[in-house]
Every structure is written in structure tokens, then in C-alpha cells.
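The values are calculated or read from the model by the stated rules, or taken from the named source; none is laboratory data. In this text, all values refer to a predicted model and were calculated from it rather than measured experimentally. Counting neighbours? That spans all protein chains shown, and the Cβs are built from the backbone with ideal geometry, glycine included.
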Amino acid sequence: MSADLVVENLTVEYTSADYVVKPVDHFGCRVVDGSLALLLGPSGSGKTTLLSCLAGILQPTAGSIRHDGREITALEGAELAAYRRRGVGIVFQAFNLVPSLDARDNVMLPLRVAKFSLREARRRADELLNEVDLTDRRGHLPSELSGGQQQRVAIARALALDPPLLLADEPTAHLDYVQVETTLRILRRLTRPGRVLVVVTHDDRLLPLADQVVELVPHRPLEPDGPVDVRLKPAEVLFRQGDASDLIYIVDEGEVEIFRETVSGGLEILDRRGPDQCFGEMGPLFGLPRSASVRARSSTRLTGYSVSEFREALGLERLDGLVRAGAVADGRRINLRSVGGAARGVNGRDVVSGRPEADEHTGA
Ligand code: ADP
Ligand code: MG
């Protein structure tokens, strides 16, 4: 029986308004028993979602999590409750201490729930608070402790029942650099045979801490050389929502439509792009996945530019115009509008970006 943590093909889908996002999409990793794995990713890359699955708090849409001889995703009822209590310890990003209880009582809480005698619970809590260098603070309320100290109480509490899996969500998010140092030392000290530590973070200062680093978002691909010619047959898909973004496109010939697949299985056409119009700038510019899908309406020819090629060929102003013109934040109309007006020619041509009329809405 392996005490490694093995995650395979884990997928979580959320329905947001009327489309689907997959913050965790066929994720897999193996963390060897006794080691500390760092899952690194920017905000919104699914770190908390992933931890919630590991903790048995969130049921994934698909995939498997195996640890300590068990399939975590298959646990139900009393078994699941026991796993949450004893199989896993969590250090939440916001610590989640009980404000009316002092440090020691906070650590004693899970011990008392697990039917330790008052005396035994106290002894164990003191031992744990000593492990996180807080012996002299055990009588303090959370409000009387610094962020770093509160976090160490949360770590001690997570360790109370000595779980074989310990999870920490953004452990450096609320700390100054002095406190960060202490936290790093303590996390490192906690690795030992029979325990797997998983730390999720966007903070790459934590990298040296890890035995293993898993990047949740792949690095931006190297920018390709020279503009790329793309030919699409009618109905052929160029990219799909959620795909990694690489190029900004200009239509040379034909027409594409920008669409989203709705939860009910339908298609929402968000916009169309014809000759000399651009699309797809937000993803490559800001390192975001594609926010919608694009397919050809007819035989279509496109030129794809990396961000720097686009900037060079069409100018910073044009790029800025594209970004400004996209309607942001309502979750539906992002990334899709472009601006009117002529721009510098590419290959000697004049290029008109986007729709000539300055309408307020993304035409469908
Ligand atoms: P991270 O912790 O890396 O910042 P999260 O796991 O919190 O990322 O979120 C990943 C994505 O899933 C985000 O786009 C977020 O908006 C979305 N998301 C998270 N929780 C929910 C939920 N309960 N319902 C819908 N979408 C959610
Ligand atoms: Mg998070």
C-alpha cells in the first residue's frame, strides 16, 4: 500500500452564469510519501478548488484522488466524515480560528471532537504549540496574535490528529517577510515519512521549499518567429474557450464567429470578424486562457501574430485600442469587440481593425 498521494485526470466544472469554466481540467500529479509538493499558479488557476477536492470538501466532476490506500472521491457518509476529521488537515488561507477561544483552545477543538479527555487534549495542544514555537502565546486570543502567529495556531490545529495529508492554502498571503521566513521553516520541519504536505500558492518565493513543484498554468509558450498563416475550412474551430492562448489574429479572407457553448448544450454567437478585423488579443496579452471559442463561417484565411509581432506590425496604439474596446466584467462580452478606424498597414496593406461603427454592444 502506497502512502503517496496520486491525483489523476481531476476535473472540476463550475457553471458560471450560462457557461462552464473548468478551473481544474484533467489535472494529475503524484506526491511521494514524506515530501512537500508546491502547486504553483496565479490567482484563479484553481488552487483552492483543487485543495477542496483533496480535503474531501468538494466532489470533483471527474477523476481520482488516491491516498493511504483509499479513493478519496469515492468516500461517502461516515467514511467521508472520518476522512475529513482524521485523514486530512487544512490550513485555510484565512486561518479560520474561533475568535472567542485562545490559541490552546483552538488547537484543542479537533481533539475534543475526537473524544480526547480534557487533560490529554491539553497535553497534545501544548506539544503542538511548542512545535510551532508558540508556547508563550497559548493563552492569547487570535485578535491578540500577529498574522504569522495565527497561522501557526492554524497549523497546530491542522496537525492535532496527526493526519497523513496536510494542506495549506496560500500560506504566505497575509504575512510580512519576517513572518514568511518562520512559516517556511515550520512547513519544512513538518515533512516526515507517513505524511504528505501539499502547499498551493502564487508566491514563487516558496519554490526552494519544495521537494516537487507542479505548475498549474503552463509557462507562456515561446513566441513563434514571424506571422503565421492559418487556413480554416468552413466550421473548423481555431481555438476553444479554456485553451492556452498564443496568438492575436487578423482575418485576411472569409469570416469567423466567436461563440460560447452554453450549459444547455446550445451555442451563443457573441460576435463575427471579417476581413481586416482582429480578435483574440486578451489571452496572449495577459496570459489568460481563451475566454470564448472561434470557428470559421466559410473558408477563411487568418494571420496570427505574437504580441510583440503584433505591436511591431500594427503599433501599440492599435493594441491599446483593441483592449479598451472589449467590454469587460459582465462575464459574457469579454475580449470580443474591436475598434474601428484604419491602422498602419501590415505587409503594405491598410488594415481596418474591428467594426467600423462604434456601437456599444458586441453584435451577435
Ligand atoms: P485560486 O485559488 O487559484 O485563486 P479558485 O480555485 O478559487 O482559484 O478558483 C478558480 C476558478 O473557479 C475561478 O475562476 C473562480 O471564479 C471559479 N470558482 C471557484 N469557486 C467557484 C464556485 N463555487 N462557483 C463558480 N465558480 C467558482
Ligand atoms: Mg485560492
Any idea how many residues of segment 110-146 are within 23 Å of L184 (Cβ to Cβ) and within 33 Å of the chain's Cα centre (by Cα)? 9
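Which of the residues belonging to segment 116-154 are acidic (D, E) and either in contact with a Phe, Trp or Tyr (Cβ under 8 Å, 6 or more places away or on another chain) or part of a loop (DSSP other than H, G, I, E, B) (or both)?
At the first step, the residues of segment 116-154 found to be acidic (D, E) are 120, 126-127, 131, 133, 136, 144.
Within segment 116-154, D133 is the sole residue that qualifies.
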Residue satisfying condition, being out of contact with any strand residue (DSSP E or B) (no Cβ under 9 Å at 6 or more places or on another chain) and either within 16 Å of ligand 1 (Cβ to nearest atom) or assigned to a loop (DSSP other than H, G, I, E, B) (or both), within set P23, P60, P42: P42
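State all residues of segment 148-173 that are touching a residue at least 60 places away in the same chain (Cβ under 8 Å) and within 21 Å of the chain's Cα centre (by Cα); if no residue qualifies, say none. Break it down into steps so the answer makes sense when it comes.
Residues of segment 148-173 that are touching a residue at least 60 places away in the same chain (Cβ under 8 Å), as a first pass: 151, 154-155, 157-161, 163-171, 173.
Passing the criteria: L165, L166, L167, A168, D169, E170, P171, A173.
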Within segment 41-72, can you find the residues that are free of Cβ contacts under 8 Å to residues at least 24 places away in the same chain, more than 13 Å from ligand 2 (Cβ to nearest atom) and buried (at least 17 other Cβ atoms within 10 Å of the Cβ)? I72
By residue number, the members of segment 187-218 that are more than 23 Å from the chain's Cα centre (by Cα) and crowded, with 19+ Cβ neighbours inside 10 Å are R195
Odd one out for F95 among (1) more than 24 Å from L206 (Cα to Cα); (2) assigned to a loop (DSSP other than H, G, I, E, B): (1)
Looking at segment 13-36, is at least one residue under 24 Å from L206 (Cα atoms) and of a type in the set (S, T, Y)? yes
Please state which of the following conditions T11 fails to meet, knowing it meets all the rest: (1) out of contact with any strand residue (DSSP E or B) (no Cβ under 7 Å at 6 or more places or on another chain); (2) surrounded by 15 or more Cβ atoms within 10 Å (Cβ to Cβ); (3) β-branched (V, I, T). (1)
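Identify, from the list A125, A114, the residue that is crowded, with 18+ Cβ neighbours inside 10 Å and either outside the structural domain of V98 (by TED's automatic domain parsing) or without any contact (Cβ under 8 Å) to a residue 60 or more places away in the chain (or both). Lay out the reasoning, then the answer.
Numbers: A114 fails: crowded, with 18+ Cβ neighbours inside 10 Å.
None of the others qualify; the one that does is A125.
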